[in-house]
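Notes for the one structure printed next.
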Amino acid sequence: MDSKSPFIFLTFFFVGSLVALALHIYFFSPISPQILHVPPSSLVKSFDTHLQEVTKLGEGLVKDPEDVCVDKHGILYTASRDGWIKRLHKNGSLEDWKWVNSSSLLGMTSIASGGLVICDTEEGLLKVDEDGITTLLSQFNGSKLWFADDVTEGKDGSLYFSIASTKFGLHNWYLDLLEAKPHGQLLKYNPQTNETTLLLDNLFFANGVALSADERYLLVCETFKFRCLKYWLQGELKGKTEVFIEDLPGGPDNINLAPDGSFWIALLQLTCKGMEFVHTSKIAKHLLATFPRMMNIVQGQHQRATVIKVSEDGKVLKRFDDPEGKVISFVTSAVEYDGNLYLGSLHANFVGKLPIDH
Ligand SMILES: [Ca+2]
Ligand SMILES: [Ca+2]
């Protein structure tokens, strides 16, 4: 064997491996991605540390409570991944309230008739009250309703809700992020007539929904577009859509009306620091989509928590962070009630409580 042989062999091996990898990705990648524009504001360096002051409610008794809501009696509700709807009474006691037997519960809202409506990404819209669990809506346009993400109730009993993605499910939501194409929807369900209407289509991961105090408009968060849209329900702009806020310093998840008419929005850090390039490289996207375990390396949600308060005219009024996720990370929801902010998170075994100054 001459001295060049090992070199030739290694070269063939290396090139062959690359070709095999490329073919594997070409045939098995589950996405057809496009480039995602990450706003420069998401790379902001200065952070506040207020979220490190949260008190942990029900620590160890709840698992990854994505959303929280408070009813008219001041009782706080959240869905735990163990399938329980838990509620926290004003005296601080936590109760396993109703068993839903689902680990795929997301956004929720308390409703005027008592109890709450919650999004189950597998089942659709569920009503949970003292009588038990009822499926309100499980189909739309003859197809099963997948990936309902958040819901809110109007004064007339209408339910406005989002579908995050009509293509990918909860457990591979990161594929929707990598594909970076708009598969989300905003819908309205009228429980009286049992009618469902599509309000907006082609949204970039439709997430939190909130009505304005006067119910003249509805806001919907587009997580992968780093913005929230305003959809007019009344007045001369009825049926029209405009941008409410854009270039957010994170992907907006749940949004909630504050008592003063402004809105609290939880922002997700979509990638780890230094990994932002994956959103601009189709090759990197295909690679990550084909080998999902690698996605853990680039996901950033566990590193930080951010919530912002935004005025009715779309200006950021307050911002609270836990920049390194020291006390709380992956905050997905912020609800203001009685001088406190209650925080849901997909990476916590408690509900956060933060007193806020007025
Ligand atoms: Ca909600
Ligand atoms: Ca959500």
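The values are calculated or read from the model by the stated rules, or taken from the named source; none is laboratory data. Not measured: the values here are computed from a predicted model. Glycine gets a Cβ as well: all are built from the backbone with ideal geometry, and neighbour counts include every protein chain shown.
Numerical summary
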{"quantity": "Residue, modelled with the lowest pLDDT, within the stretch 169-223, restricted to residues that are of a type in the set (Ser, Thr, Tyr) and within 16 Å of the chain's Cα centre (by Cα)", "calculated": "TYR174"}
{"quantity": "Close pairs from the stretch 63-82: first free of Cβ contacts under 8 Å to residues at least 60 places away in the same chain, partner part of a loop (DSSP other than H, G, I, E, B) and within 11 Å of ligand 1 (Cβ to nearest atom), Cβ under 8 Å, at least 6 apart", "calculated": "ALA79/GLU66; ALA79/ASP67"}
{"quantity": "Of residues in the stretch 101-115 being within 10 Å of THR152 (Cα to Cα) and in a strand (DSSP E or B), the one farthest from ligand 2 (Cβ to nearest atom)", "calculated": "SER110"}
{"quantity": "Close pairs from the stretch 319-335: first among the hydrophobic types (A, V, I, L, M, F, W, C), partner outside any strand (DSSP E or B) and surrounded by fewer than 22 Cβ atoms within 10 Å (Cβ to Cβ), Cβ under 7 Å, at least 6 apart", "calculated": "PHE320/ASP48; PHE320/HIS50; VAL327/GLN52; PHE330/HIS302; PHE330/LEU346; PHE330/HIS347"}
{"quantity": "The stretch 200-220, subset among the hydrophobic types (A, V, I, L, M, F, W, C) and closer than 21 Å to ILE111 by Cα, residue surrounded by the fewest Cβ atoms within 10 Å (Cβ to Cβ)", "calculated": "ALA213"}
{"quantity": "Selected residue (criterion: surrounded by the most Cβ atoms within 10 Å (Cβ to Cβ)) from residues of the stretch 125-149 that are under 21 Å from LEU203 (Cα atoms) and within 16 Å of ligand 1 (Cβ to nearest atom)", "calculated": "ALA148"}
{"quantity": "CYS119, sole failed condition from (1) of a type outside the set (Ser, Thr, Tyr); (2) touching a helix residue (DSSP H, G or I) at 6+ places or on another chain (Cβ under 8 Å); (3) at pLDDT 95 or above", "calculated": "(2)"}
{"quantity": "Matching residues, the stretch 246-297, being closer than 18 Å to LEU219 by Cα, among the acidic types (Asp, Glu) and in contact with a Leu (Cβ under 8 Å, 6 or more places away or on another chain)", "calculated": "ASP253"}
{"quantity": "Hits in the stretch 340-355 (condition: of a type outside the set (A, V, I, L, M) and either crowded, with 24+ Cβ neighbours inside 10 Å or in contact with a Lys or Arg (Cβ under 7 Å, 6 or more places away or on another chain) (or both))", "calculated": "ASN340, TYR342, GLY344, SER345, ASN349, PHE350, GLY352"}
{"quantity": "Residues being of a type in the set (Phe, Trp, Tyr) and modelled with pLDDT under 95 - total across the stretch 141-167", "calculated": "1"}
{"quantity": "THR121 vs. criteria within 16 Å of ligand 2 (Cβ to nearest atom) and within 26 Å of LYS155 (Cβ to Cβ)", "calculated": "no"}
{"quantity": "Test: residue in the stretch 87-100 that is within 16 Å of ligand 1 (Cβ to nearest atom), outside any loop (DSSP other than H, G, I, E, B) and under 27 Å from GLU222 (Cβ atoms)", "calculated": "no"}
{"quantity": "Cβ pairs under 6 Å, 6+ apart, first in the stretch 1-29 and in a helix (DSSP H, G or I), second at pLDDT 75 or above and not small (Gly, Ala, Ser)", "calculated": "ILE25/HIS286; ILE25/THR290; PHE28/THR290"}
{"quantity": "Any hit, the stretch 117-128, residues being among the charged types (D, E, K, R) and either part of a loop (DSSP other than H, G, I, E, B) or at positive phi (or both)", "calculated": "yes"}
{"quantity": "Residue ranges of strands (runs of 3 or more DSSP E) in the stretch 222-308 with at least 3 members within 22 Å of VAL331 (Cα to Cα), within 16 Å of ligand 2 (Cβ to nearest atom) and not basic (Lys, Arg)", "calculated": "251-257, 263-268"}
